[in-house]
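The values are calculated or read from the model by the stated rules, or taken from the named source; none is laboratory data. Since the model is a prediction, treat every value here as computed from it, not as a measurement. With ideal geometry, Cβ positions are generated from the backbone for all residues, glycine too; neighbour counts draw on all protein chains shown.
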Amino acid sequence: MTQSLPCLHPNPGWTGAASMAPADSSLSDTVGKHCILELYNCDSAKLDDEAFLRTAITTAAKQAGATLLNLITHRFDPQGVTGLALLAESHISIHTWPESGYAAVDVFTCGDHTMPEKACQVLAEELESGRHKLTSFRRETPGCIAGAERDPAKTANPL
């Protein structure tokens, strides 16, 4: 049975999804959302294709409503790729093991305008994951920055 990300995600902000957040919390009480995604039974060729992964990460950031500032990737010999996307809102990282069909993904975004779960969904689909596990949580806002504006700065030349 294939499960969709909304079914596995404990707090995606989608209608009908269960929430693990306390009843009195709201997005304004958090600095951001953090998702840890395990992708299994992925297309091994895609996991080892640095150019493909760069495109997939860029698409994931865009679909999450995030601003991509920089993207660094490295292909290992004989196989595997690590990628790190620096976002105005935080980051997306991916580490792949093509020989096992596995990828470890981390997506953290600050602000109320982004949806890191969407980035996870894009990556799971692009890598043709046969099975996945998504764990997420909200990062609490420290009291010292609770009153500060948390929207990312607008960049003159976003990617």
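A few notes on this one:
- Among the residues examined, T73 does not qualify as surrounded by 19 or more Cβ atoms within 10 Å (Cβ to Cβ), without any contact (Cβ under 8 Å) to a residue 60 or more places away in the chain and among the hydroxyl-bearing types (S, T, Y).
- Residue count for region 126-141, restricted to those that are within 17 Å of A104 (Cβ to Cβ) and out of contact with any His (no Cβ under 9 Å at 6 or more places or on another chain): 8
- Test: residue in region 24-46 that is among the β-branched types (V, I, T), at pLDDT below 95 and touching a Ser or Thr at 6+ places or on another chain (Cβ under 7 Å): yes
- Strands (runs of 3 or more DSSP E) contained in region 20-126 and holding at least 1 residues among the charged types (D, E, K, R): 30-40, 68-75, 102-110
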